[in-house]
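Chemist: The structure is given below, and queries will be raised subsequently.
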Amino acid sequence: MIKTGTGIGCMFYGIGNTGLPNPSAAFIEVHNDCSVILLTGCADIGQGSTTILAQIVAETLGMNCEDVFVISADTGVTPEAGATSASRQTYISGNACKRAAEMARETLVEIAADLLHEDKEKIFLKNKTAFVSNTDKSISMAKLLEECNRRGILVIGSGSFNPKTTSLDAQTMAGIPYATYAFATQIAEVEVNTETGEIKVKKIVAAHDVGRAVNPSLVEGQIEGGCLMGAGYALLEEVLLSNGKITNPNLSDYLIYTAKDIPEIYPIIIEDKEETGPYGAKGVGEPSLIPTAPAILNAIYNATGERFTEIPVTQERFIEQTYYKSDR
């Protein structure tokens, strides 16, 4: 018999290392041709951090994202940025890059104010141009950098960021382990064949508070990828051990979802600005994975009345719990 069910999973997740220092630093140099070099130790492992950091720098300097050339994760030249883990890089390295860009921006603003005979508080940078607020006065970034070169002024910047946290008390576990948190709710719809134990995830709706989506397409990609990983975690992926050795080290035995198995996924981006984040942003890496399995298990319960407390809920495990209760 085919039964369908719907389940909900919710989570909150601390961004960064738990109650420990996890700083990041960045260097910026603006060249005479309006190109920008960004040095960051942040390693992009497919989540798109290189693009995100370039966008943050470009926004701060009034440049185009295409003008920012990122040199990342090179221990020979880039400063420390910490691990690409704990969903921390957008928040922590993003802040470091923004601060470095703000230092370089300050130089540009001071020169623009001098050339335009205005207070620097009135200068803002946008579209590779320095404008004076509430006037039609402006100067192109190219001319601004030409003047910097003529005066022998280097447009450079450095910045670092370390979230404000405290260690946890050994007795009470009280403290401030994270500077900010991510929040999410996901809803899963499943289809269960109660005769064969086959479980199909038909649909996942995933709403995530990301602070500010610097790049919405990348955020949606992160959510979709996390949902698929979470579905595998709930239903397929199981490491089998024998005498301390993994007995299913190959993808023929350790099953994961493929493109053919992907359910309908509806990512919903919730933007609740994080005051301490770069332009309000915070992380969305691991949060997209965390609520998926609970939502799927709740959906299985909703469909069948069976509560599973061990994952993955394979066909064999479903049949064993459903049909052989009396034998245990």
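The values are calculated or read from the model by the stated rules, or taken from the named source; none is laboratory data. Quantities reported herein were computed from a predicted structural model and do not represent experimental measurements. Quick reminder, even Gly has a Cβ in these numbers, built from the backbone with ideal geometry, and neighbours come from all protein chains shown. All accessible areas refer to the heavy atoms of the entire protein, side chains included, with ligands and DNA or RNA removed. Shrake-Rupley method; radii C 1.70, N 1.55, O 1.52, S 1.80 Å.
Chemist: Residue farthest toward the positive end of the dipole of the chain, with Cβ of Lys/Arg at +1 and Asp/Glu at -1: which of GLY41, TYR301, LEU116?
Modeler: LEU116
Chemist: Additional query: With the Cα gyration tensor of segment 228-272 giving a ≥ b ≥ c as the square roots of its eigenvalues, does the rule (a/c under 1.5 for rounded; else a/b larger than b/c for prolate; else oblate) give rounded, prolate or oblate?
Modeler: Verdict is prolate for segment 228-272.
Chemist: Just to confirm, what accessible area per residue do you get for the chain at 1.4 Å probe, in whole Å²?
Modeler: Result: 51 Å² of accessible area for each residue.
Chemist: Give the Debye-formula value of log10 I(q)/I(0) at each listed q (0.09 Å⁻¹), with one equal scatterer per alpha carbon of segment 1-114, two decimals each.
Modeler: One equal scatterer on each Cα of segment 1-114 leads to -0.31.
Chemist: Got a sec to turn the phi values of segment 287-292 into Karplus ³J(HN,Hα) couplings, 6.51 cos²θ - 1.76 cosθ + 1.60 with θ = phi - 60°, whole Hz, x for Gly and Pro?
Modeler: With the stated coefficients, segment 287-292 comes to x, 6, 8, 4, x, 5 Hz.
Chemist: While we're on this one: Would segment 158-232 count as rounded, prolate or oblate if I go by the C-alpha gyration tensor, calling it rounded below 1.5 in a/c and otherwise prolate when a/b exceeds b/c, oblate otherwise?
Modeler: In terms of gyration-tensor shape, oblate.
Chemist: Mind jotting down the distance between the C-alpha centroids of segment 126-169 and segment 24-49, whole Å?
Modeler: 14 Å
Chemist: Also, I was wondering about something else. Please list the non-local residues whose amide H lies under 5 Å from the amide H of GLY283, H modeled 1.01 Å from N, same-chain partners needing a gap of 5 or more.
Modeler: Counting only residues 5 or more places away or on other chains, the set is TYR91.
Chemist: Determine the sum of side-chain charges near SER87: Lys and Arg each +1, Asp and Glu each -1, restricted to other residues whose C-beta is under 13 angstrom from that of SER87.
Modeler: With Lys, Arg at +1 and Asp, Glu at -1, the net is -1.
Chemist: Still on this structure, I have one more. Suppose a student asked you for the relative contact order of segment 173-322, using Cα pairs under 8 Å spaced at least 6 residues apart; what percent would you report?
Modeler: 37 percent
Chemist: Next question. Tally the DSSP beta bridges in segment 1-121 and give the antiparallel ones as a percent, rounded to 5.
Modeler: 50 percent
Chemist: To continue, here is another question. Under the rule of -39500 (n - 2.57) per DSSP H run of 4 or more residues, summed and divided by the residues of the chain, what mean residue ellipticity at 222 nm is obtained, to the nearest 500 deg cm²/dmol?
Modeler: Value at 222 nm, helices only: -9500 deg cm²/dmol.
Chemist: A further question on this structure: For segment 117-200, with all protein chains present and a 1.4 Å probe, just round the carbon and sulfur fraction of the accessible area to a whole percent.
Modeler: About 49 percent, which is the carbon plus sulfur part of the accessible surface.
Chemist: Give the shape of segment 190-230 as rounded, prolate or oblate, defined through the alpha-carbon gyration tensor: a ≥ b ≥ c are the square roots of its eigenvalues, a/c under 1.5 means rounded, and otherwise the shape is prolate if a/b is larger than b/c and oblate if not.
Modeler: prolate
Chemist: Would you work out the relative contact order for the chain, in percent, from Cα pairs under 8 angstrom that are 6 or more residues apart?
Modeler: 26 percent
Chemist: Continuing with the same structure: Could you state the orientation-averaged shadow area of the convex hull built on the Cα atoms of the chain, in nm² to one decimal?
Modeler: About 22.8 nm², averaged over all directions.
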